[in-house]
Amino acid sequence: MNIVYSSDENYIQHLAVSIYSLLKNNEHVPNINIFILSNEIAEISKEKIRQIVTSKFNRTISFVDFDPYKQNLKLNMEWEISLSSYARLFLCEMLPHNTEKVIYIDCDTVIMGSLLELWDMDMQNYSVAGVIDTVLPEFKKAIGLTEIDFYINAGILLIDLNKWRNDNIQMKFMSFIAEKSGRVSHHDQGTINAVLHNDILPIHPKYNSMTPFFTTNYKNLLEIYNIKGEYYTETQIAEAKKNPIIIHYVPEFVGRVWEKGCIHPRKKFYKKYLNLTDFKGHFLPNSNKLDFKKRIIYLINCKAPIWLKNFFFNR
């Protein structure tokens, strides 16, 4: 099983938490190889991650330097971006060519169960599989999709790298970014959805249980995000909430899970695995408590009836 993360120095704590939870809950998997796409990660931080992977769980890990690939990104730097997340667009070149398939996982995650079923999934000749995101129609239209096209969250992806190489996907990613003059809605995630929109396999939401699943009911979820076209049933979302395989801590008005004052309903799992690492008790430097305004927005967005949301958010 090949697992890929991408990180810079700022996300090392969260990378450690995610990797620890991954390895702890997948001890039954015969072989796990972890690749870290490194955007200037310090050597001392790399060693902390190696200690978890090799000393604690006896698995293998490789750090792959992202620096040589950055020059190929023609981005509009007026936008606030994380270059680390763009590294996944270069997987074909960054990973050994005998790496045929990978599971890509964002750092702001906790893995709660086995990934074997996902790893062994029949991809049906699709080049990527992922969970449909709760994204507004205007973000789809901005990358050339229609409002009924499904759009996946790129935080957890099952990728057929052989197909990416054969179809020259990396070049298509770069061409799309150039066509948009370096300003792609949702950055690398928008790029993946635009280029691969006919080549994506939707998978069960339990593999990417995002914050909105936990903070609002199903009817409100559909209305808040104006979801049209293919989406999950209420039963599937309930399953993803009750028995998530991967919890993905996207902010969505609750704050980042490592910040003081975060009100994510499942933050205890992040803290559980944080306390098993060398980062026990740490928070993101300079993090602030979730302010009063954000708490009010959270309560309106997640708890109020739709008519009240429409009143405040002008939908």
- Could you work out the local net charge near Tyr231, counting Lys and Arg as +1, Asp and Glu as -1, over the other residues with Cβ closer than 14 Å to its Cβ? -3
- Run through every distinct alpha carbon pair of the stretch 127-206 and return the Kirkwood hydrodynamic radius in angstroms, one decimal place. 12.8 Å
- Eigenvalues of the alpha-carbon gyration tensor of the stretch 2-251, times 5 and square-rooted, give semi-axes in Å, largest first, of 26, 23, 17
- Message: Under 10 Å, Cα contacts only: if you run a Gaussian network model on the chain, which one of Ala142, Ala16, Ala129 comes out with the highest mean-square fluctuation?
- Response: Ala142
- How large is the dipole of the chain about the Cα centre if only Lys and Arg carry +1 and Asp and Glu carry -1, each at its Cβ, rounded to the nearest 20 debye? 1260 debye
- Query: Under a plain spin-label model, where a point goes 7 Å from the Cα along Cα-to-Cβ, how far apart in nm are Asn10 and Lys24?
  - Reply: 2.7 nm
- Unit charges at the beta carbon, dipole of the stretch 1-48: most positive-side option, Pro30, Tyr20, Ile3: Pro30
- Note on the structure: Mean-square fluctuation maximum in Gaussian network of the chain, Cα pairs under 10 Å, restricted to Glu147, Glu179, Glu239, hits Glu179
- Message: Suppose R0 equals 41 Å. What FRET efficiency, 1/(1 + (r/R0)^6) with r the Cβ-Cβ distance, do Ala42 and Leu136 give to the nearest 0.05?
- Response: 0.60
- Message: Using Cβ counts within 10 Å as a stand-in for footprinting exposure, how do Val53, Val184 rank, fewest first?
- Response: Val53, Val184
- Task: Take the chain, connect every pair of alpha-carbon atoms lying under 10 Å apart with a spring to form a Gaussian network, then pick out the residue of Thr60, Thr211, Thr235 with the largest mean-square fluctuation.
- Result: Thr235
- So, over other residues within a Cβ distance under 13 Å of Ile169, counting Lys, Arg +1 and Asp, Glu -1, the net charge is -1
- CD proxy, 222 nm, the chain: helix-only mean residue ellipticity via -39,500 (n - 2.57) per DSSP H run with n ≥ 4, per residue, nearest 500, stands at -9500 deg cm²/dmol
- Note on the structure: At the level of C-alpha centres, the distance separating the stretch 1-50 and the stretch 114-134, in angstrom, is 20 Å
- In a shell of Cβ-Cβ distance under 11 Å around Ser55, excluding Ser55 itself, what net charge do Lys and Arg (+1) and Asp and Glu (-1) give? +3
- Within straight-line cross-link reach of Lys48, lysines at Cα separation under 26 Å, skipping those fewer than 8 residues along the same chain: Lys24, Lys56, Lys70, Lys260, Lys267, Lys268, Lys271, Lys272, Lys280
- Determine, for Leu116, Leu91, the number of other Cβ atoms within 10 Å of each Cβ, and report the residues in order from fewest to most. Leu116, Leu91
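Taken together, the values in this text are just the output of simple stated rules run on the coordinates, not laboratory data. The structure presented is a predicted model; accordingly, all values stated were derived computationally and were not measured. We place every Cβ from the backbone using ideal geometry, glycine too, and count neighbours over all the protein chains shown.
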